[in-house]
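Below is one structure, written out as structure tokens; the observations come after it.
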Amino acid sequence: MTRDRDAAGRPRNARPRDGLGRPLEAGQGAGEERIPDDLVLAGPDAAALADQLLRAGRPFHAHEVLEASWKSGPAAERELWQGLAQIAVGLTHAHRGNARGAVALLGRGAQRVRAYQAQAVRPGGRDHPYGIDLAAFLAATDALAVRIQAHGLAGIPAADLRPGLITAGR
């Protein structure tokens, strides 16, 4: 069986997935709508779509949007998009019940976003790129990781696993 590949020869994963990104077995249905492998969005559009997906409890799909931005965006923003994508993967692990994976990826992602923040100030500010409130998002990410580390996932309200990227009114 040959694997589906893009025009550059990179493998694509066309296998249907559930709402949390887990591959479905053959015959289990069409699965969730996927983010296209060749998605290219400008920063504001990527941030807005990722925000929508996170708030809807679809962190795996938000990860795909953020990953596309890290691969197609400017090199100066790579740490931002990679970090946000890792945080989305951490949230995916949390939704799937994997506390250890959630804590590891939330921490790794926050570290990358902080590396981005430490870079020189840029137009629009380094703390609110594309309307993303990095300080608030990182504070929520850190607090969630500490709570999961200390108490596991059992007592975490579902709303805490659906953080928004963009502050209302921005």
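The values are calculated or read from the model by the stated rules, or taken from the named source; none is laboratory data. This one's a predicted model, so the numbers in the text were calculated from it and none came from an experiment. Virtual Cβ from ideal backbone geometry, glycine too; neighbours counted across all protein chains shown.
Structure data summary
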{"read-out": "Hits in region 91-111 (condition: within 11 Å of Leu144 (Cβ to Cβ) and either touching a Ser or Thr at 6+ places or on another chain (Cβ under 7 Å) or not in a helix (DSSP H, G or I) (or both))", "value": "Leu106, Ala110"}
{"read-out": "Residue list for region 62-76, filter: of a type outside the set (Val, Ile, Thr), crowded, with 18+ Cβ neighbours inside 10 Å and in a helix (DSSP H, G or I)", "value": "Ala62, His63, Glu64, Leu66, Glu67, Ala68, Ser69, Trp70"}
{"read-out": "Residue that is farthest from Gly90 (Cα to Cα) [pool: residues in region 123-136 that are touching a residue at least 24 places away in the same chain (Cβ under 8 Å) and of a type in the set (Gly, Ala, Ser)]", "value": "Gly131"}
{"read-out": "Residues that are touching a residue at least 60 places away in the same chain (Cβ under 8 Å) and under 18 Å from Phe60 (Cα atoms), drawn from region 137-165", "value": "Ala158, Leu161, Arg162, Pro163, Gly164, Leu165"}
{"read-out": "Matching residues in region 140-156 - criterion: being under 14 Å from Leu106 (Cα atoms) and outside any loop (DSSP other than H, G, I, E, B)", "value": "Ala140, Thr141, Asp142, Ala143, Leu144, Ala145, Val146, Arg147, Ile148, Gln149"}
{"read-out": "Subset of region 112-132 [touching a Lys or Arg at 6+ places or on another chain (Cβ under 8 Å) and either assigned to a helix (DSSP H, G or I) or modelled with pLDDT of 90 or more (or both)]", "value": "Tyr116, Gln117, Pro129, Gly131"}
{"read-out": "Number of positions in region 143-170 that are at pLDDT 90 or above, among the charged types (D, E, K, R) and within 23 Å of Ala46 (Cα to Cα)", "value": "2"}
{"read-out": "Test: residue in region 35-45 that is under 28 Å from Asp127 (Cα atoms), modelled with pLDDT under 90 and among the small types (Gly, Ala, Ser)", "value": "yes"}
{"read-out": "Contacts under 8 angstrom Cβ, first residue in region 62-76 being in contact (Cβ under 8 Å) with a residue 40 or more places away in the chain, partner part of a helix (DSSP H, G or I), 6 or more apart", "value": "His63/Ala85; His63/Ala88; His63/Val89; His63/Thr92"}
